[in-house]
Structures are given as C-alpha cells and as structure tokens.
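The values are calculated or read from the model by the stated rules, or taken from the named source; none is laboratory data. Being a predicted model, the structure only gives us computed values, none of them experimental. Positions of Cβ are generated from backbone atoms using ideal geometry, with glycine treated the same way; all protein chains shown enter the neighbour counts. Only protein heavy atoms, including side chains, enter the accessible area calculation; ligands, DNA and RNA are left aside. Shrake-Rupley method; radii C 1.70, N 1.55, O 1.52, S 1.80 Å.
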Amino acid sequence: MSSGTEAGTRSGFRWSAVRQVWPYLQPYRGLILGWLAFLGLSSAATLTLPFAARLMIEQGFTSGNRDAVNQAFLLLGLVALVLAIATALRFFFISILGERVSADLRKRLYRHLLSLDATFFEKNRSGELLSRITADAELVQTVVGSSMSVALRSVIMLVGASALLVWTNPKLAAYAALAIPLAMLPILVFGRRVRKLSRQSQDRFAETSAQAAESLGAMHILKAFTRESVEADRFDGSIGKVLATANQRIGTRALLTFLIIALVFGSITLVLWVGAGQVLDGHVSAGVLTQFVLYAVTAAGSVGALTEVWGEVQRAGGAMDRITEVLDTKPDIRDAADARRLPDGATGSVVFREVTFAYPSRREKPALNAVSFSVAPGETIALVGPSGAGKSTIFQLMLRFYDVDAGSIEIGGQPIKALTLESLRSAFALVPQDSVLFAMSAAENIRVGRAKADESDVRHAAAQAEAAAFIEALPQGYDTDLGERGVKLSGGQQQRIAIARALLRKAPILLLDEATSSLDAQSEAAIQNALEGVRHQVTTIVIAHRLATVQKADRILVIDQGEVVAEGSHDALIAQGGLYAELARLQFDLGSKQS
Ligand SMILES: Nc1ncnc2c1ncn2[C@@H]1O[C@H](COP(=O)(O)OP(=O)(O)OP(=O)(O)O)[C@@H](O)[C@H]1O
C-alpha cells in the first residue's frame, strides 16, 4: 500500500505502535492481574532457590546435621512445587491473553478493511492485506502471549537477583555490576538494525502471500497458458528475497547473542575467580559463594532472555506498524456527519447532472465528461456504446463506490452524498459483469441479495432468473456448495444465480451490467420475460452490447468516450443514423449473414 512503503523505509522504532496494543489489553484486566500475581510468585520462588542451596551447603554438608539437610531439602521441594504451579498458571493467563488480543486485533482489522473504499482496494493487493490479518497479528500474539511475559519476568529477576547479589556479597556484586552495562552495549548497537530487517522481512513475506493468493485464485489460467513453472520460479524468487532478509536478521541476532553471552559470562567468570580467591583466603564461605554464583547466573540469564525478546518486541513493533497503517486509513467515501436515510418507499428515480469523473489512478483522462440524464421511476433505460465508453462507471458512481469530481447524482429525489451509504446501496440490486459467487450453497448465494429472505422467496427468485431447474438438478439441490467463486457452475449458470440474487433484493432500482451476456438466446428471452413482470415496479438500467437485449427499453442512451452522444428509442436512434445505427447495422447484418 502507498503508506506501507513509506513506513517500510522508516527506520525509527515507533513506540506509538507498541502503545497501539494497549487498548487491546485493557478489556482483559482480570487476565493481566492473574498473570502478574503468578509472575510475582514464580519469580519469588526462583529467587529463593539459591538461598535454599546455601542453607543446604552451610547447615547440611558443612555441619553434617541430617535434620538440617532434611529441612533444607523440604524447603527446596516446597519452593519447587510453588514454582511449578505459579509458572503453569502464569503461562495459562498470559497465553490466553495473547490469543484474545490477536483475535480482537484480527476482528477489528477485518471489520475495518470491509469499511474501506474501492480506491484502497485498487492500491492494495488482497493477499498482502490478508498477511496483515494472519502473519502480523500472529507476531503481535507471540509478543503479548510470551515475549511480554519473558521480558517482565527477566526484569524482575534481574532487579531481584542484583539486589540479592548485593545482599550476599556487596564487594563481589560491585564487580558484577560492571558486567551488566557491558552486556547492554551490543543491544544498543545492533537493535536498530534488527528492527529494520524485521519490518523488511514482514513486507517481503506479505508480498509473497499476495503473489501466491493471486495465482492460486487463477489456477485455470496458469494451467491453460502452461505457466506453472514460470509461476513457481517467480515464487521461488520472492521466497529467496524473504530468506535473504531473514538470513541477515538472523545473522545479526546470532552475533548479538554471541557478544552478550561472551561479555556476560566472561565477566562473571572473572568475578567468580576473584570470589574463589576470597574463599581460599577464608573471607567468604563456600555456601555464600554458591549462592552468589546462582544469583549471578540468574541475573546473566535474565539479561540474555531480555536480549532475545527484545528482538521479538522489535519484530512485533514492525508488525504492529503494518496493522496500524491499515487501521489508520480512513475511507474517503463515508457517511457525511448529517447523513440521512433514504426514506422507505422512495421512488426509483435517477438523475445525473453534469457529472464529470476521472478514476483516482487516471486523473488525466476523465471516464465521464459532463454526463446528464434522468430516469423516471419504473422506466427501463439501456446504456449502449463501445467498450471503455464509461457505462459501468455510471453504475459505480450511482452506488457511490467513487465520488464525482463535478456535478451531482440524485436517487429518489435525494442527492446521494446526503444519504447514508447503507440506505443508498439498499436502493439498488446490481448484477455485475462478472457474477461473483461465494463458496456457499446455492440458496445462500442467492440470499446474498437479502439475508432475511425465506426459502419460498429464494425459490421464487431462482425461478424468475431461470435458475430453478438447474439448481434442483444439482446433487443436493439448493443446498449444494458452489465451490470457491462458484467454480462448480457454468458461466451462464453463475450469471443466473447473480440475477436471482438481484431479483430477491426487491430494490427499487435494478442495475444489469452485461447480465445476460453468457446466456443462450432461449434463457435470455425467458429472463427478459421475467423482467417484464417486474418492469413497472422497478427502475431498470441495462448495459448490453447485444442490441437485441436492449430493443425493448423505453429509452436508449448512447455513450461514447465518457459522453452521452444520443438518446431515444431503438427506432428513433436507427432513424438518426449515428453511432447506434452503425452498431445496429454491424450486429444485425452479421446476424443475418450467420443465419
Ligand atoms: N478502476 C479504474 N481505474 C482507472 N481507470 C478505470 C477503472 N475502471 C475503468 N477505468 C477506465 O475508465 C474508462 C471507462 O470504463 P468503463 O468500465 O466504465 O467502460 P464500459 O463502457 O463499461 O466498458 P465495457 O463495455 O468494456 O465494460 C475506461 O477507459 C477504463 O479503462
């Protein structure tokens, strides 16, 4: 997406992206409290272990007292039990929290995507957007459900172990204190690079998903043009790029890990060497040194764990950036603050006044130029003209998929910009050029027209659209699943389902965009008859290349290069002898030669 590339090159880490996660955590205060409580308990238990070990050595082995050994082991066992229970419950609370947060994030993202307008989807590939719902939300889940917990636990352990180091032996602790800032140094140096590479990884992965989604959705084209191997190579190339970025990121992380472990444990070894000298000199007991060692290892382990999750947090920061970009995108086409509903029972009149419009991606060439016409309620109008003339654009503007650049459009006597989008679009039943079906049953596909329609209405609409006979002949009749995008049906059958869907809607304005182009003459005639039946109840606007389809229209508008160049009945337009007469001569002459 356009803003995506901007953010992709932005190298700074956005804390705002991390803050964006907070509203998703807030509703789950109970889970957070549960997690914090058990985090505290498990940390306390872990910090008690070195102390128990010291007791064992000092009072048990050194003094040779069996009771003391028993007591020390009992304490150790109890601590271990508390640790086990607290760790399990901590894991439980935080993992559930992670799942809930990512589920909410996905729901919100999807809902938001559905609210965005046509321009957004022209700029962004669906597979790429899908990866934000799947892969990016997954990363955020990992951070909330695990890294966040590890990070906080490590901080607590680091602080706790450091305090206990000072308590155990302040002099040795002072040496150890030098090790910590040393360990932080590589994080500061390499952290920025890791987060930049992480964002790049996610972007490249999204690109791969987009590519795969597109190809899998057009498998028959790939096969028909034997492009499988070209496609596979293209995918290999994309994956190669993902891998290259991942390699760089992992390499940097590996170097980071090496430096941290080498610095931290190197320093600790030095400190212990000093400590061992103190034991030999009799200044410090073996028990105290053991306790010190264990606390030092705990503190060092915490630093290590922090660096590990720091990388994760950086990655999730990148992912959250990508999610936030979508959530921050506001649709240009939305309800005005004072939008009102189109009154129920509004008539199906349509008025275009001097409408000029250019698509956002092609501003230099208007698709429509000062187009004016009006359609009375119950009238049937046909839009005719060469391919690319602007006929479908007229439909898109009526449905307010785009806003006009100049002029205005009225439906039922109301300017469409003053209406709520929901009520405006409820006034239309559209049969688009490509009948889009879903992987649902035949009945559900028809019910897309009106979700609450009952079975008899669905069957009636199917009968009107000449679809009843073939649907009933399907293996499970109306319950037959039609496959992804309706692949299990022929083009003409898909089109009839789309017509049934539109008829079921019972909207005041019916828009047919090449709606019967895939049908045989017989089916088309039958549908024309069915449409005759509803003809005076609804306003019908038909786009058709086959002039036989439009002859019965009350009026025909001839569109050419974004302008209305002629208007009238079939006979009147033939008599005028313009573009329409030319189209008619070509089609009907051809027809007579063929027959
Ligand atoms: N989303 C879009 N972005 C940019 N230009 C577009 C877009 N959709 C259509 N166009 C352009 O606008 C012009 C009008 O297109 P439109 O789809 O309205 O033509 P049409 O008359 O319906 O053609 P056809 O009969 O082939 O369906 C064409 O030049 C087309 O290339």
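Here region 382-404 is the region considered, the condition is being in contact with a Lys or Arg (Cβ under 8 Å, 6 or more places away or on another chain) and part of a loop (DSSP other than H, G, I, E, B), and the residue that is most open to solvent (accessible area, probe 1.4 Å) is D403. Checked against the criterion of being charged (D, E, K, R) and surrounded by fewer than 17 Cβ atoms within 10 Å (Cβ to Cβ), region 533-541 has no qualifying residue.
Among the conditions (1) part of a strand (DSSP E or B); (2) within 14 Å of the ligand (Cβ to nearest atom), E410 misses just one, which is (2). What about D335, is it in contact with a Ser or Thr (Cβ under 8 Å, 6 or more places away or on another chain), away from the ligand (no atom under 16 Å from the Cβ) and either in a loop (DSSP other than H, G, I, E, B) or closer than 15 Å to I409 by Cα (or both)? In short, yes. Confirm whether R334 is of a type in the set (K, R), within 23 Å of F428 (Cα to Cα) and surrounded by fewer than 21 Cβ atoms within 10 Å (Cβ to Cβ). So R334 fits the description; yes. In region 382-394, the residues that are among the hydrophobic types (A, V, I, L, M, F, W, C) and near the ligand (Cβ under 6 Å from one of its atoms) reach residues that are open to solvent by 10 Å² or more (accessible area, probe 1.4 Å) and in a loop (DSSP other than H, G, I, E, B) with C-beta atoms within less than 7 angstrom, at least six apart or across chains, in these pairs: A389/Q561. Here E466 meets the list (1) buried (at least 21 other Cβ atoms within 10 Å of the Cβ); (2) among the acidic types (D, E); (3) in contact with a Phe, Trp or Tyr (Cβ under 8 Å, 6 or more places away or on another chain) almost entirely, failing just condition (3).
Residues in region 72-93 that are of a type outside the set (V, I, T), buried (at least 16 other Cβ atoms within 10 Å of the Cβ) and more than 19 Å from Y28 (Cβ to Cβ): 5 in all.
Apart from one condition, L306 fits all of (1) surrounded by fewer than 20 Cβ atoms within 10 Å (Cβ to Cβ); (2) touching a residue at least 12 places away in the same chain (Cβ under 8 Å); the exception is (1). Residues in region 442-458 that are open to solvent by 60 Å² or more (accessible area, probe 1.4 Å) and under 20 Å from A515 (Cβ atoms): R447, V448, R450. When S149, S131, S162 are checked against the criterion of being closer than 30 Å to I333 by Cα and more than 16 Å from the ligand (Cβ to nearest atom), a single residue qualifies: S131.
In the condition set (1) farther than 15 Å from G378 by Cα; (2) away from the ligand (no atom under 16 Å from the Cβ); (3) surrounded by fewer than 23 Cβ atoms within 10 Å (Cβ to Cβ), S517 is compliant with all but (2). The set of residues in region 405-441 being in contact with a helix residue (DSSP H, G or I) (Cβ under 6 Å, 6 or more places away or on another chain) and either under 24 Å from T347 (Cβ atoms) or open to solvent by less than 10 Å² (accessible area, probe 1.4 Å) (or both) consists of I409, I416, L424, A429, V431, L437. Within region 219-241, is there a residue that is loosely packed, with under 14 Cβ neighbours inside 10 Å, closer than 30 Å to H283 by Cα and aromatic (F, W, Y)? No: zero hits. Would region 580-594 turn up any residue that is open to solvent by 30 Å² or more (accessible area, probe 1.4 Å) and in a loop (DSSP other than H, G, I, E, B)? Scanning region 580-594 turns up no residue that is open to solvent by 30 Å² or more (accessible area, probe 1.4 Å) and in a loop (DSSP other than H, G, I, E, B).
Whenever a residue of region 348-371 is β-branched (V, I, T), its partners that are open to solvent by 60 Å² or more (accessible area, probe 1.4 Å) and within 15 Å of the ligand (Cβ to nearest atom), lying with C-beta atoms within less than 6 angstrom and at least six residues away or across chains, give the pairs T356/N369; T356/D405. When region 317-331 is filtered for residues that are within 19 Å of K107 (Cα to Cα) and either open to solvent by less than 10 Å² (accessible area, probe 1.4 Å) or of a type in the set (F, W, Y) (or both), the ones remaining, listed by number, are A319, M320, R322, I323, T324, V326.
Residues checked against (1) in the same structural domain as L259 (by the TED database); (2) farther than 30 Å from V288 by Cα; (3) in contact with a Cys (Cβ under 8 Å, 6 or more places away or on another chain):
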residue: L113; (1), (2), (3): no, yes, no
residue: E128; (1), (2), (3): no, yes, no
residue: S131; (1), (2), (3): no, yes, no
residue: E138; (1), (2), (3): no, yes, no
residue: V143; (1), (2), (3): no, yes, no
residue: M148; (1), (2), (3): no, yes, no
residue: A174; (1), (2), (3): yes, no, no
residue: R199; (1), (2), (3): yes, yes, no
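A count restricted to region 94-133 and to residues that are free of Cβ contacts under 8 Å to residues at least 60 places away in the same chain and open to solvent by 30 Å² or more (accessible area, probe 1.4 Å) stands at 9.
Table: residues versus (1) more than 12 Å from the ligand (Cβ to nearest atom); (2) out of contact with any Gly (no Cβ under 6 Å at 6 or more places or on another chain); (3) within 18 Å of Q396 (Cβ to Cβ); (4) free of Cβ contacts under 8 Å to residues at least 12 places away in the same chain.
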{"residue": "A530", "(1), (2), (3), (4)": "yes, yes, no, no"}
{"residue": "H536", "(1), (2), (3), (4)": "yes, no, no, no"}
{"residue": "T540", "(1), (2), (3), (4)": "yes, yes, yes, no"}
{"residue": "L547", "(1), (2), (3), (4)": "yes, yes, no, no"}
{"residue": "A553", "(1), (2), (3), (4)": "yes, yes, no, no"}
{"residue": "V558", "(1), (2), (3), (4)": "no, no, no, no"}
{"residue": "G562", "(1), (2), (3), (4)": "no, no, yes, no"}
{"residue": "A566", "(1), (2), (3), (4)": "yes, no, no, no"}
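On the stretch given as region 338-356, residues that are more than 23 Å from V384 (Cβ to Cβ) and part of a strand (DSSP E or B) total 1.
Residue-wise test of (1) free of Cβ contacts under 8 Å to residues at least 24 places away in the same chain; (2) under 25 Å from S302 (Cα atoms).
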residue: R195; (1), (2): no, yes
residue: K223; (1), (2): yes, no
residue: K241; (1), (2): no, no
residue: I261; (1), (2): no, yes
residue: W273; (1), (2): yes, yes
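Residues in region 357-381 that are in a loop (DSSP other than H, G, I, E, B) and within 6 Å of the ligand (Cβ to nearest atom) were compared, and the one that is surrounded by the fewest Cβ atoms within 10 Å (Cβ to Cβ) is Y359. Of the numbered criteria (1) without any contact (Cβ under 8 Å) to a residue 40 or more places away in the chain; (2) of a type in the set (K, R); (3) open to solvent by 60 Å² or more (accessible area, probe 1.4 Å); (4) under 26 Å from I543 (Cβ atoms), the one R496 fails is (3).
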